[in-house]
Amino acid sequence: MRIGTLKESYVADAALFDSRTQHVWLAIAAAALLLFPFMANDYWLYMACLVAINIASSAGLNILTGYTGLVSLGQAAFMGLGAYTVAILQLRWGTPLALNLLAAGVVAMLGGLIVGVPSLRVKGLYLAIVTIAATFIAHFLFANFDFTGGTSGLSMRPARVFGTDLDTSFRLYWLIVPVTVLMLLGAANLFRTRIGRAFIAIRDRDISAEVLGIALLKYKLLSFGLSSFYAGVAGGLFAYFFRVITPESFPLSMSIFFLAAIIVGGMGSTLGSILGAAFMTMVPELLKLVFDLLPGGADLTVFLAPVRLVIFGALIIVFLVFEPLGLAEMWRRTRRFFHLWPFKN
Amino acid sequence: MNQQAMSPRRRGLMLGAAATGLAALTQPLAVLAQDASEIVIGGSIPMTGVFAFAGVGINDGIQDYVKIINDAGGIKGRKVKYVPEDTAYKVDVSVAAFKKITSQNKVNVYYGDSTGFAKTINPELERNGNILMAGASFASELNDPKKYPHQFLVGPDYTEMFGILLKHIAKEKPGAKVAFVYSDSEFGRDPIEKSEAAAKQLGLTVAIKIMTAAGSVDVSGEVIKLRRAAPDYTIFHGYILAPIPEFITQGKQQGMKSKWMGTFWTMDSSTVMKMGADGDGFMGVMPYRYYYDTEAAPMLEKIRAMRPEYQSTAYTQGMLAAMLFLESVKRCLDAGKPLTGDAMKAALNSLKDFDTGGLIGVPISIPGNSIPVGRVYKADMKAQKMVPASDWIKL
């Protein structure tokens, strides 16, 4: 328990950011996000955008899997629905970016609601299999309709905002990162509401939740819908970012990636989504940079590439063994250490 | 409270991880200054993942050619530097590799690992304007100089590969019945529609088209359909190996007399030899000579001297890509032109009857984005080699 955070009202008690220290850190983080594009090169900007997209999608999956306890391996399919919606709207009707992203979320949400129906009858691994089916159905639809461009997919023009083409990582950063921040704030706030608490109750014991008056079907579908909405918007950002989408852009392995991200990051934690997605996206790249420090150049690259993957896999195992609650719990522990320092913690 | 305690070991581990991360983050700032005169070949190379079987060979091929050129003094005295990155055959990682390499080096030419990457990075290439790119993809879509002005294919595109096979079939057995068996993927579907029309033009009949899942293993239903169609030739595309051996084995067991054929990514010697005895006589299109070809080829002799063990056709592809890259650069420098994407592509397109040192058996020209030439080779399981079954065929 932290000292010096006296609450005088329930509103203050439920506040998302409740201390001056948090406000200071948030201001520093916001300043860092604002300054980053002016200091980073194209590679780091690209990685920042990619991490942000992955965070947005992971946050959505965390609502469904981490908070509601419904395992899903369909996140990539819902991202695909969002990406194709954006691409089709842009190419056919030239609709504006904001509308396209919103539509991406809504279309993916509808997909999520359909896939979510069986969640009332099946859960755990069985539900995971149902959501895998969604991936295959989505792939089939993307690959076989003319308006989705078949197996060749669709190539898009850059997004255009106020007469400016968002065609570089620098420009896209100002779209992707703010949208992701908004989505994260939305996710964090969700769990201060009745809806979010209902999700948690369902996760902890669905029968008890029903006894408490929580309509299981409604809230499970809502969770699926919200999660898919997040995936859809993330898919829309993905489409604007890569500007080429094909049925192969959203494989099952991508869904597994997001599931791994929230497990490594910490299920049932918004911070976990951020840390997990950042870990899964950045660690392989950081390992490359570390390996680049070794002498040997191109000769060594071919030998070190598989070693790097092994180390990445081992790192995930180590984290899960030593910290099953994920990176978010490590973060919390570190924070507690500094809260109590210099006293023994 | 004890549960929340941070042990010294854990703290040490975390500090170690933080230090490693910091070192990694600051590393790009410490990149050694690049020699301004260096010619840089960047590469998104799939050294791990599903395409690693080819990526390692491609990497070796490019690296060896760079060594040959540098040992001979470089290009007009300028050394060549090769900067590869592993991509695990993932488009987002390939793009990250491109961004990283181009942020740290003034890249002149670039090798990409997939069709997805080639399509995704194309707007970036156009914006950059100073990079010429080729890669592992033979997608027909990329064979469009207007849409992909700074890219080229290191061989015929998939439709042209089919064209070479169909031309061979039409010559060997006029009016033959042909079957297309392909995977349900962008790769698999690529040449099918156009090749059906091409077959008709050559007086051939496409008896059946069978699409299978990309990784399918049980193909007994498809084999029955194929047997009923009784083709004289069956062309597989969109696979590396599976399910081709299953088709051939079951087809032969059911008395099929079809000749079996494949396209480039199936045709490496080591891949075909895995088909076992049933693969004897398996044919396919190959734009390059095999490592062990005995016909006069100075570059093959050089390769064999450098690497006494068998080198895959992916190796040859990588080496030829590097050769064409550097020939384009050389022609630009000879003409006193700047190394822009446009100038290098124009230099590439100026190649007329260019001698590849025997990597391709005939002199080549590159009027557009592809090299529309190839040869039909056949598996000799006894000799464990691919042997020529036709002369070089130009489209």
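Every number here is computed from the coordinates shown, using simple stated rules; none is lab data. Being a predicted model, the structure only gives us computed values, none of them experimental. Don't worry about glycine lacking a Cβ; one is built from the backbone with ideal geometry, like all the others, and counts go over all protein chains shown.
Side notes on the structure shown:
- Axis angle, to the nearest 10 degrees, between helix B:192-201 and the longest C-alpha principal axis of chain B: 40 degrees.
- For the range A:17-251, with +1 on Lys and Arg beta carbons and -1 on Asp and Glu, the positive-most of A:LEU172, A:ALA231, A:GLY66 along the dipole: A:GLY66
- Simple spin-label estimate for B:LYS79 and A:LEU33 gives 4.4 nm between the two label positions (7 Å along the Cα-to-Cβ direction from each Cα).
- Average beta-carbon neighbours from other chains, 10 Å sphere, peptide B:102-112: 1
- Restricting the trypsin sites (Lys or Arg not before Pro) of the range B:206-294 to loop positions (DSSP other than H, G, I, E, B) with no more than 16 neighbouring Cβ atoms within 10 Å leaves B:LYS257, B:LYS274.
- Those aspartates and glutamates that a straight Cα-Cα span of less than 14 Å connects to A:LYS220, excepting residues fewer than 8 apart in one chain: A:ASP204, A:ASP206, A:GLU210
- Taking each of B:LYS90/B:LYS194; B:LYS171/B:LYS394; B:LYS209/B:LYS257; B:LYS194/B:LYS225; B:LYS173/B:LYS257 in turn, the alpha-carbon distance tops 20 angstrom for B:LYS90/B:LYS194; B:LYS194/B:LYS225.
- B:ALA383-A:TRP341 FRET efficiency (beta carbon distance; Förster radius 51 Å; 0.05 resolution): 0.10
- Chain B: angle of helix B:91-104 to the longest principal axis, Cα-based, in degrees nearest 10: 40 degrees
- The range A:1-96: C-alpha pair distances exceeding 17 Å, %: 73 percent
- Leading residue at positive end of dipole, chain B (Cβ point charges), from B:ILE244, B:GLN254, B:LEU166: B:ILE244
- Between the listed residues A:MET156, A:ALA134, A:LEU275, the Cα displaced farthest toward the positive end of the dipole of chain A, a dipole computed from Cβ unit charges relative to the Cα centre, is found at A:LEU275.
- Packing-based exposure ordering (other Cβ within 10 Å, fewest first) of B:GLU309, B:GLU222, B:GLU295: B:GLU309, B:GLU295, B:GLU222
- For the range B:58-92 and the range A:281-345, distance of Cα centres in Å: 31 Å
- Once the Cα atoms are used to define both axes, helix B:158-172 deviates from the longest principal axis of chain B by about 30 degrees.
- Given A:LYS288/B:LYS67; B:LYS81/B:LYS147; B:LYS106/B:LYS302; B:LYS177/B:LYS259, the pairs whose alpha carbons are separated by over 18 Å: A:LYS288/B:LYS67; B:LYS81/B:LYS147; B:LYS106/B:LYS302
- Summed residue charge, Cβ within 15 Å of B:ALA176's Cβ, Lys/Arg positive, Asp/Glu negative: +4
- Exposure proxy ranking for B:TRP392, B:TRP260, A:TRP341, A:TRP25, based on other Cβ atoms within 10 angstrom of each Cβ and starting from the fewest, stands as A:TRP341, A:TRP25, B:TRP392, B:TRP260.
- Residue among B:LYS100, B:LYS382, B:LYS302 with the largest mean-square fluctuation in a Gaussian network model of chain B, springs linking Cα atoms under 10 Å: B:LYS382
- Charges were assigned to the Cβ only: +1 to each Lys and Arg, -1 to each Asp and Glu. The resulting dipole of the protein assembly as shown about its Cα centre is roughly 1240 debye.
- Per-residue mean of C-beta atoms belonging to partner chains within 10 Å, peptide A:241-252: 4
- One Cα centroid belongs to the range A:83-136, the other to the range A:1-76; the line between them spans 24 Å.
- Size of charge dipole - chain A - debye, nearest 20, with Cβ of Lys, Arg +1 and Asp, Glu -1, no other charges: 860 debye
- Computed FRET value (nearest 0.05) for B:GLU295 with A:ILE195, which takes r as the C-beta separation and R₀ as 60 Å: 0.25
- Local electrostatic count at B:ALA321 - Lys and Arg +1, Asp and Glu -1, tallied over other residues with Cβ under 13 Å: -4
- Largest-first principal axis extents of the Cα set of the range A:17-251 (Å): 55, 54, 26
- Residue with peak Gaussian network fluctuation, chain A [Cα springs, cutoff 10 Å], from A:ILE114, A:ILE202, A:ILE274: A:ILE114
- Helices in chain A that qualify as membrane-span-like (whole DSSP H runs, Cα extent of at least 24 Å along the helix axis, mean Kyte-Doolittle hydropathy of 0.0 or higher) are A:20-39, A:42-61, A:97-116, A:125-144, A:169-190, A:216-242, A:270-292, A:297-322.
- Two-site FRET efficiency, B:ASP342 against A:VAL211, from Cβ-Cβ distance with R₀ of 51 Å, rounded to 0.05: 0.10
- Stokes-Einstein D in µm²/s, Kirkwood radius over Cα pairs - chain B at 37 °C with 0.692 mPa s viscosity: 146 µm²/s
- Peptide-level mean, for A:300-309, of C-beta atoms on other protein chains within 10 Å: 6
- For chain B, adding -39500 (n - 2.57) for each run of n ≥ 4 DSSP H residues and dividing by the number of residues yields -13000 deg cm²/dmol at 222 nm.
- Longest to shortest principal axis, alpha-carbon extents of the protein assembly as shown, angstrom: 90, 63, 52
- Highest-fluctuation residue, A:LEU275, A:LEU97, A:LEU64 considered, GNM on chain A with Cα pairs under 10 Å: A:LEU97
- In chain A, helices alone account for a calculated mean residue ellipticity at 222 nm of -23500 deg cm²/dmol, with every DSSP H run of four or more residues adding -39,500 (n - 2.57).
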